[in-house]
Amino acid sequence: MKPVKHVVIAGGGTAGWITAALLNKVLGKVINITLIESSAIGTVGVGEATIPPILQLNNALGINEQEFINATNATIKLGIEFENWKKTSHSYMHAFGAIGKDFPFCDFYNFWLKGQIQGSKDELWDFSLNYQAAKNHKFSPINSIPNTQLPGISYAYHFDATLYAEFLKRLAIKRGVNHIDAKIGNITQCPTTGNVKAIRLDDSKQITGDLFIDCTGLCALLIGQTLNTGFIDWSHYLPCDRAVAVQTKSNDELKPYTRSIAHNAGWQWQIPLQSRIGNGLVYCSRYLSDDDAKQLLLNNLPSDPITEPRLIKFKTGRRIKQWHKNVVAIGLSSGFLEPLESTSIHLIQTAVTRLIKLFPHDEISDVLVDEFNKQSVAEIEHIRDFIILHYKLTKREDSLFWRQCMQMSVPDSLTHKLNLFKQTGKIIRENDELFAEIAWQQVMIGQGLIPSDYCTIVDSLTEEQLSDLFINLKTLINSTVEKLSTHKEFISSIKRAL
């Protein structure tokens, strides 16, 4: 082994260019970065919805929000609405941001639970600024509710993933990343260690490196095909194995949220961009043929299609090691989770951040690689459990698919969370896992898992005080939403500003 001075990224797309841009921003003065991609090879490119940490990534890269929104056809995302998941004709939202007013040692939903026992008709989302803004198609970037210490709106983006990759590509190349447009021929390995030594291009040129990053997507050219790093299959928990995607014309609505619409053997996404709508159907091929899936999607589009439907096959799971020898897998090469909670770009972001924090100063050591892999496994398994949660809590019995989901065994870690919440109303966030307590609360309550008990601290308020709390919060939220710009007005103002 030797000090890592030259990093070679195999593959572009969103994963490759996020990796290149962020590594260059932080470590560009001490390492050289080369990215190899072929303009003749397309990418999956359907990761068009994000979660709020995307703002931290853009800020870290010094990206101007107005330029970004215009360059990527972006809109605002305030949450994800889940339709037909609990049962048909039922919906709820996983809204970003806070709900109500939290008290020391006690989350707000405990107060809402007691209100339900006392006969309150308020929905939990009546106390969500994000939800109320989303359903009224409103948005303004406010840090707090005016004249209060209550948090404002938390948001992310919908955008064109291909345009985002191109945006980052221009940024990274301008800042010094070496870009090679070529197809990868074969991989040269060290005969004694098995480490990757070089990537041979289709013109026979060899690109050597000290650390290689696999951003080749589902084919996993380095981590899978070359190093034969094993894969742990999670399809017994998450049986959907295919998606069909199509773009449609924009319509008069510009919803500031993603729609996730459950069907008999999977679910459909709708993601509104400025000039089009991204659509797709994630489904299980055991219960729905490819032709029927395509037709189901085409029958349920919000507007006329502008592209041909595209089939994507996948297997849910993760690599046994995300970092093996001198190869780090980032993006789809490291594993796949369906885009139900818009986590694909976030997993790229956190993997690169983790790599930067654990980047070898002298040489690659086993203990450093082990720590990287341990953190990677913990992160993706927490997200896996959160996605399984949506399927497990269904009350639908109208198809074999949903009955299988309802009856399936789930990981012990998820079973513990479900039991703890049901019996005590408590949720414990472990090891800085991505989804906070408020996210779990919304999905559990939204799909009908109501705790049998609430936090003792709630009883410190009288019935009258509790009622006053609810009235005051709703008044503050509704009056704030009334004064927000519409989502369309906000996007129009961004366009006018440049």
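With a ≥ b ≥ c taken as the square roots of the eigenvalues of the C-alpha gyration tensor of the chain, please select rounded if a/c is under 1.5 and otherwise prolate if a/b is larger than b/c or oblate if it is not? Prolate, because a/c is 1.5 or more and a/b exceeds b/c. Counting neighbouring beta carbons within 10 Å and listing from fewest to most, the residues 173, 69 come out as 173, 69. The modelled label-to-label distance for the pair residue 144/residue 306, using points 7 Å beyond Cα in the direction of Cβ, is 4.2 nm.
In order along the stretch 254-267, the Karplus-derived 3J(HN,Hα) couplings, from 6.51 cos²θ - 1.76 cosθ + 1.60 at θ = phi - 60°, round to 10, 5, x, 7, 8, 9, 10, 10, 6, 10, 5, 9, x, 8 Hz, and Gly and Pro are given as x.
As a length-normalised measure over Cα pairs under 8 Å and 6 or more apart, the relative contact order of the stretch 1-79 settles at 30 percent. 3J(HN,Hα) along the stretch 307-320, derived from phi through the Karplus expression 6.51 cos²θ - 1.76 cosθ + 1.60 where θ = phi - 60°, amounts to 9, 7, x, 10, 8, 10, 9, 8, 10, 6, x, 9, 5, 4 Hz, with x in place of Gly and Pro.
Counted by neighbouring Cβ atoms within 10 Å, the residues 226, 486, 19 run from fewest to most as 486, 226, 19. For the cross-link pairs 169/315; 121/483; 121/474; 135/488; 5/183, the ones whose C-alpha atoms lie over 22 Å apart are 169/315; 121/483; 5/183.
With K and R counted +1 and D and E -1, the other residues having a Cβ less than 10 Å from that of residue 112 yield a net charge of -3.
For the chain, adding -39500 (n - 2.57) for each run of n ≥ 4 DSSP H residues and dividing by the number of residues yields -11000 deg cm²/dmol at 222 nm. Given their separation in residues at 0.36 nm each and the Cα-Cα distance between them, residue 228 and residue 483 gain 86.1 nm when the chain is fully extended. Fewest-first ordering of 288, 163, 420 by other beta carbons within 10 Å of each residue's beta carbon gives 420, 163, 288.
Which shape class applies to the stretch 16-76: rounded if a/c is under 1.5, otherwise prolate when a/b exceeds b/c and oblate if not, where a ≥ b ≥ c are the square roots of the Cα gyration tensor eigenvalues? The shape class here is oblate. The Cα center of the stretch 145-211 and the Cα center of the stretch 396-463 differ in position by 37 Å. Rounded, prolate or oblate: pick one for the stretch 388-498, where a ≥ b ≥ c are the square roots of the eigenvalues of its C-alpha gyration tensor, a/c under 1.5 means rounded, and failing that, prolate if a/b is larger than b/c, else oblate. Here the stretch 388-498 falls in the oblate category. May I ask you to list the aspartates and glutamates whose Cα is less than 17 Å away from that of residue 197, ignoring any residue fewer than eight positions away on the same chain? Correct list for residue 197: 210, 214, 363. The mean sequence distance of close C-alpha pairs (under 8 Å, at least 6 residues apart), as a share of the length of the chain, puts its relative contact order at 23 percent. Pairs 86/417; 101/138; 25/255: which are spaced more than 30 Å apart, C-alpha to C-alpha? From 86/417; 101/138; 25/255, over 30 Å: 25/255.
Readers should treat all values here as calculations from the given coordinates under stated rules, not as data from a laboratory. What you see is a predicted model; the values in this text were computed from it and never measured. Methodologically, a virtual Cβ is constructed for each residue, glycine included, from the backbone with ideal geometry; neighbour enumeration extends over all protein chains shown.
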